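What follows is a set of notes on a single structure, which appears directly below.
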Amino acid sequence: SRMREELDRLYEVARESEKAKGEEESRVSMLAKKLEDSRMFMEESQAAFHSADKEWTALEQQERAIRGILATLRDSLASKQSTIGDKRRRESESVDRIARLIDDSEASRSGIDASMIELSSRQESFDRHQKILTEITERVETLEQSNRETRRQETDCQSVISDLRVAVQRTESELSALDELYYQRYEVHPDQLPVPEMSGDPSLEEAACAEKDRRASEVRSRMAAIGDVNLGSLDEHKELSERHTFLLSQKEDLEKSLDDLSKAIQRINRTTRERFLETFEKINEMLKTVFPKLFLGNGRAFLKLLDEDNLLESGVELVAQLPGKTLLPLGSLSGGEKSLAGAALIFAIFLVKPSPFCLLDEADAALDPANVDRFNGLIREMSGSYQFLMITHDKRTMELADYLYGITMEKPGISKVVSVKFES
């Protein structure tokens, strides 16, 4: 009977063990499923983070490239504008020079016409003298015929005739030299000019001749000063006009490109400002929650912009009010307070923009034991949702870890990694 009771008891224990085993297996399966769901969620979060990080990096590279292109276009535009200014100045000088040459040519032509008129007048005077000379010659011949009977008179008349002939020859020689001189100076013979009217006063005629010589000399000087006329100035003006039109079209294209780039930069700056301001406000809100957890549940901290009118270039300052103290900037705190306030800011940023894991290197080095405990408490609280990798020499922080890795050197020059898994 006792054996039967003992056997029944053992059977009952076995059934209870089987039932407990089934419940344990069901619990293990549920935990495994939760673990798999957590792993998949972690992988999706990591992929989303990497995608967002790549997109942000691409936007930064695009902004830098656009700024570089904008600077290059501004330099190119300044160079093109300088070249256009030089071309316009040279074009204006060419037009002025052509106008002066045309005016000088017209003035020279007028002077030449006046000189030709004067030469015509002098030719008329020369013809008149020639006529007088002819009359004198006829008169001499008449005297020779009338005085043939008297030899003395004939000899005298012959002597007079000889003298007159010499004078005529001298006059002809002088006229020939004068004709050559006129041709050299004015490229025209006197007999080709009209005969000028004689005033009858030799002094006035000499003064008029001197004035005409002076004016003729002045005209020759002005003609020599003109030099060679640039016959290619019209072609050069046409070429410069075509070049000017081409540069104007290039300038319009550059201005359009510059306007498009400016709009793109404004759009990028507007998006960047909106995202920065949104993230800045979220971090400030998260800082209100995280900061008191590290300072005995009291105190407050917030981020402040140094230049609120220029979000893209403004600095950011962390201002904190510790328990029992006034509001102070981060630079006015002690070393441990700075470390703890900085850790609060890091955790606030991490919670706003989370990642699959967080790496902390000697973050607790400047903290005293009490602050290390509060720091570790926040780490333990957040470790339920995130993984933390910590590099530390503090024993309290090491006790917090689930896995501990250390480096030892059992033999000189040979390092060895030692790992320890703590039981929950």
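Coordinate-derived values only; no laboratory data. It should be emphasised that the depicted structure is a prediction, and the values quoted were computed from it without experimental measurement. Methodologically, a virtual Cβ is constructed for each residue, glycine included, from the backbone with ideal geometry; neighbour enumeration extends over all protein chains shown.
Backbone phi angles across the range 291-297, fed through the Karplus curve with coefficients 6.51, -1.76 and 1.60 (θ = phi - 60°), yield HN-Hα couplings of 4, x, 5, 9, 10, 6, x Hz in residue order; Gly and Pro are listed as x. Binning the alpha carbon pair distances of the range 261-386 at 10 angstrom intervals from zero yields the distribution 12, 39, 31, 13, 4, 1, expressed in whole percent. Across the range 300-354, the relative contact order, built from alpha-carbon pairs under 8 Å that are at least six residues apart, equals 22 percent. Using θ = phi - 60° in the Karplus curve 6.51 cos²θ - 1.76 cosθ + 1.60, the 3J(HN,Hα) couplings for the range 325-341 round to 10, 7, 6, 9, x, 4, x, 8, 8, 6, x, x, 5, 4, 4, 5, 5 Hz; x is entered for Gly and Pro. Think of the range 261-414 as having a plus end and a minus end, set by charges on the Cβ of Lys, Arg, Asp and Glu; of GLY377, LEU318, MET390, LEU318 sits farthest toward the positive end of this dipole.
The distance linking the range 14-78 with the range 387-406 is 25 Å (Cα centroid to Cα centroid, whole angstrom).
Beyond 19 Å between alpha-carbons counts as too far, so tell me which of LYS33/LYS353; LYS282/LYS338; LYS288/LYS338; LYS325/LYS395 fall in that bin. Long pairs (Cα-Cα over 19 Å): LYS33/LYS353; LYS282/LYS338; LYS325/LYS395.
GluC sites (Glu not before Pro), restricted to the range 309-359: which are DSSP loop and have at most 10 other Cβ atoms within 10 Å? Could the numbers behind the result be given before it?
On the way: sites: GLU313, GLU317, GLU337; in loops: GLU313.
Answer by residue number: GLU313.
Simple point charges give the picture: +1 on the Cβ of Lys and Arg, -1 on the Cβ of Asp and Glu, and for the range 311-424 a dipole about the Cα centre of about 140 debye. Put simply, the amide H of ASP394, placed in the peptide plane, has no neighbours under 5 Å, leaving out anything fewer than 5 places away on its chain. Counted by Cβ distance under 14 Å from ARG270, the other residues give a net charge of +1, where Lys and Arg count +1 and Asp and Glu count -1.
Please report, to one decimal in angstroms, the Kirkwood hydrodynamic radius of the range 15-63 built from all distinct Cα-Cα pairs. Intermediate results must be reported in sequence, preceding the final value.
Working: mean 1/r = 0.0720 Å⁻¹.
Result for the range 15-63 stands at 13.9 Å.
Summing +1 for each Lys or Arg and -1 for each Asp or Glu among the other residues whose beta-carbon sits under 12 angstrom from that of GLY85 gives +4. Applying the Karplus relation 6.51 cos²θ - 1.76 cosθ + 1.60 with θ = phi - 60° to the range 308-322 yields 3J(HN,Hα) values of 5, 7, 10, 5, 6, 10, 6, x, 10, 10, 8, 10, 10, 10, 6 Hz, where x marks Gly and Pro.
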